[in-house]
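Asker: The structure's right below; bear with me while I get my questions together.
The values are calculated or read from the model by the stated rules, or taken from the named source; none is laboratory data. From a predicted model like this one, the values you see are computed outputs, not experimental measurements. Here the Cβ positions follow ideal geometry from the backbone for every residue, glycine too, while neighbour counts run over all protein chains shown.
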Amino acid sequence: MTHSPLSHRPRIELLPLKAALSAGGPNELTLLARIHPAPAPQSSGPRSPLNLSLVIDRSGSMGGAPLEMARQATQVAIRALQPHDRVSVVTFDNAVEVLIPSQLVTDPEALCQQVAQVRSGGSTALHAGWLEGATLTAQHHQVQTLNRVLLLSDGQTNHGEQRPDVIAEHVKGLTARGVGTSTIGLGYSYDEDLLKGMADAGDGNYEHIEHAEALPGYFEAELQGLTRTTGHTVSLGIEPNPELGAVQVRVLNALPTNALGRSQLPNLISGRPLEVVLTLSLTALQEASDRGITRLRLAWTDRSGERYHLRAQLNLPVVSPQRYDALPEDARVRVARELLEAALVRQEAVRFADAGQAHRSRDVLLEHRRKLANLPQTPEVDAEIQALSALDLDFSTDVGLARKRATSQSYDRRNSKSPR
């Protein structure tokens, strides 16, 4: 673990809800951590190469519109690649076929013609299809190359390995070898919990796509993100000052954690800040002009394979309760917290729906809409209120679709992804 050059370091901005703590009683500190990735290195030559495997579900349920979406998605991706990029295409139903062995993209149209011949077949050996794509990518792994599997599926795995926890562990194992996984759920019938779990384990992205028109925008964002990645396998540790005694920490983003208990963050992508909101429950403190509260430890691996870390510390004064009550709140922090709470409300709505209580799903969405209405009305808050209203309607008409939309929206918010 080393320190990175200043020019290659991300920047951590720490914004407390109030610029002090209150003396004499317990405190709950809300803290917004904004992580600004380092700029991508400027180069007059070609960008760093990509090494991708596109894995297409061709099972029977994919017949018709879903398979056409998958073919289009794969063709869009291939046409977006450059001659120094490497691609393979794998298809699967109950059997796995390497449609296009790993090769440089010197003739994208010829590859697209091969993809156009894919037809639907039998059951869904999703794990075996993903594993073949990951193996092809791993065979051509290079440290300076971004190596990833993109899995496109519309259904439920029902052939071969089907246990989500086992599949996620296998994905995590390939991630440790430098091969990431992103997943794309097509239409209305796929297993969103499985695909989201694979993306979390794969240091990648999960996306819900309902219509083919959304595919170009998705692939533009995915490939741009890959080419502008300045750090991967990113983790964030919260290190409260031990002098403060027992401190309870809650990360509102509900991010997965690694073996050390640190939050796993999305890749550091130049131009895409990450926002993490956390709360710290503190015991009674005495007045002080300046008190160390907590440090945040950011760690990442850069494009050369080097592992780096960076710490940022939050110091705050501890003032009388009267002075504390008179301090204004930072509206940016309040809005960020409530938007992440809205992501957690979506997860709660999904749990109610799974229990056959969709009416309670609608109740919690309505309650949080009312809460958001009391915030400063920014375009982001207005968009969130509209999104929750649309989800309310979905839960009243199509619970399966509502579940997918709620899961996708919650995932995007926790990972600081802009809605499309």
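Asker: Residues of the stretch 308-329 being over 22 Å from the mean Cα position of the chain (by Cα) and closer than 23 Å to N241 by Cα, which ones?
Answerer: Quick first cut of the stretch 308-329, residues over 22 Å from the mean Cα position of the chain (by Cα) only: 311-329.
Within the stretch 308-329, R311, A312, Q313, L314, N315, L316, P317, V318, V319, S320, P321, Y324 qualify.
Asker: Please report, ordered by residue number, the strands (runs of 3 or more DSSP E) entirely within the stretch 1-92 with at least 1 residues that are farther than 30 Å from G185 by Cβ and either modelled with pLDDT of 90 or more or out of contact with any helix residue (DSSP H, G or I) (no Cβ under 6 Å at 6 or more places or on another chain) (or both).
Answerer: By residue number, 11-16, 27-36.
Asker: Tell me which residues, restricted to the stretch 121-169, are touching a strand residue (DSSP E or B) at 6+ places or on another chain (Cβ under 6 Å), part of a loop (DSSP other than H, G, I, E, B) and within 25 Å of S61 (Cα to Cα).
Answerer: Correct list: A125, D154.
Asker: Scan the stretch 166-190 for residues that are surrounded by fewer than 24 Cβ atoms within 10 Å (Cβ to Cβ) and small (G, A, S) and jot them down.
Answerer: Once the filter is applied, which keeps residues that are surrounded by fewer than 24 Cβ atoms within 10 Å (Cβ to Cβ) and small (G, A, S), the stretch 166-190 yields A168, G173, A176, G178, S182, G187, S189.
Asker: Sort through A390, A353, A406 and tell me the only one that's outside the structural domain of A33 (by TED's automatic domain parsing) and under 18 Å from N253 (Cβ atoms).
Answerer: A406
Asker: If you don't mind, another one. Among the residues of the stretch 93-119, which ones are among the β-branched types (V, I, T) and in a loop (DSSP other than H, G, I, E, B)?
Answerer: Residues satisfying the conditions are V105, T106, V118.
Asker: Is at least one residue of the stretch 106-122 under 30 Å from T301 (Cα atoms), in contact (Cβ under 8 Å) with a residue 24 or more places away in the chain, assigned by TED's automatic domain parsing to the domain that holds Y218 and surrounded by fewer than 21 Cβ atoms within 10 Å (Cβ to Cβ)?
Answerer: no
Asker: Among (1) surrounded by fewer than 18 Cβ atoms within 10 Å (Cβ to Cβ); (2) out of contact with any strand residue (DSSP E or B) (no Cβ under 6 Å at 6 or more places or on another chain); (3) at pLDDT 95 or above, there is one condition P317 misses while meeting the rest; what is its number?
Answerer: (2)
Asker: Could you tell me whether R303 is over 18 Å from the mean Cα position of the chain (by Cα), farther than 30 Å from P66 by Cβ, assigned to a strand (DSSP E or B) and among the basic types (K, R)?
Answerer: So R303 does not fit the description; no.
Asker: Something else: Can you find, within the stretch 173-193, the residue that is modelled with the highest pLDDT among those that are within 12 Å of L151 (Cα to Cα) and of a type in the set (A, V, I, L, M, F, W, C)?
Answerer: Here the residue is I184.
Conditions (1) farther than 28 Å from A221 by Cβ; (2) modelled with pLDDT under 95, marked per residue:
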residue: R346; (1), (2): no, no
residue: Q357; (1), (2): yes, no
residue: S361; (1), (2): yes, no
residue: L365; (1), (2): no, no
residue: A373; (1), (2): yes, yes
residue: P379; (1), (2): no, yes
residue: L388; (1), (2): no, no
residue: G400; (1), (2): no, yes
residue: A406; (1), (2): no, no
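Asker: Hey, can you tell me all the residues within the stretch 251-289 that are more than 22 Å from T407 (Cα to Cα), assigned to a strand (DSSP E or B) and of a type outside the set (A, V, I, L, M, F, W, C)?
Answerer: T279, S281, S289
Asker: Being of a type in the set (G, A, S) and surrounded by fewer than 19 Cβ atoms within 10 Å (Cβ to Cβ) is the filter here, so list the residues in the stretch 340-395 that pass it.
Answerer: A355, G356, A373, A383, S389, A390, listed by residue number.
Asker: OK, next. Just to be sure before I move on: is S304 out of contact with any strand residue (DSSP E or B) (no Cβ under 6 Å at 6 or more places or on another chain), in the same structural domain as T30 (by TED's automatic domain parsing) and not acidic (D, E) in the structure I sent?
Answerer: On the way: out of contact with any strand residue (DSSP E or B) (no Cβ under 6 Å at 6 or more places or on another chain): yes; in the same structural domain as T30 (by TED's automatic domain parsing): yes; not acidic (D, E): yes.
Yes; evaluated as a whole, the condition is true for this residue.
Asker: Having 1 or more residues that are farther than 26 Å from L29 by Cα and hydroxyl-bearing (S, T, Y) is the bar; report the helices (runs of 4 or more DSSP H) wholly within the stretch 318-420 that clear it.
Answerer: Result: 358-372, 379-397, 399-414.
Asker: All but one of (1) outside any loop (DSSP other than H, G, I, E, B); (2) touching a residue at least 12 places away in the same chain (Cβ under 8 Å) hold for Y190, so report the exception by its number.
Answerer: Tallying (1) outside any loop (DSSP other than H, G, I, E, B); (2) touching a residue at least 12 places away in the same chain (Cβ under 8 Å), Y190 fails exactly one: (1).
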